[in-house]
1. State to the nearest 20 debye the size of the charge dipole of the chain about its Cα centre, where the only charges are +1 on K and R beta carbons and -1 on D and E beta carbons.
2. When the expected Rg is taken as 2.2 N^0.38 Å, what fraction or multiple of it is the alpha-carbon Rg of the chain?
3. If R₀ is 35 angstrom, what is the calculated FRET efficiency for the pair residue 19 and residue 52, using the beta carbon separation as r and rounding to 0.05?
Amino acid sequence: MAVPKRKTSKARRDKRRANWKLAVPGMVACPNCGEYIMPHRVCKSCGTYKGKEVIKTEA
């Protein structure tokens, strides 16, 4: 059975775990209403995609 010969130091252990951070999603402003949305998706507030109204909004 493989057993480590020396104790792994806290610094060495923490260096391995340093890359487990969450990435911020890329947000873009809707060209129609200015609301921040995910790219390549229909805007939830105004219902437009690529300058065309895709979803009817009640407001």
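Derivation of every value follows stated rules applied to the coordinates shown; laboratory data play no part. Remember, it's a predicted structure, so these values are computed and weren't measured experimentally. All Cβ positions, even for glycine, are placed from backbone atoms using ideal geometry, and neighbour counts span all protein chains on display.
1. The dipole of the chain has a size of about 1100 debye.
2. Relative to the rule-of-thumb radius for its length, the chain sits at 2.26.
3. That pair, residue 19 with residue 52, gives E of 0.30.
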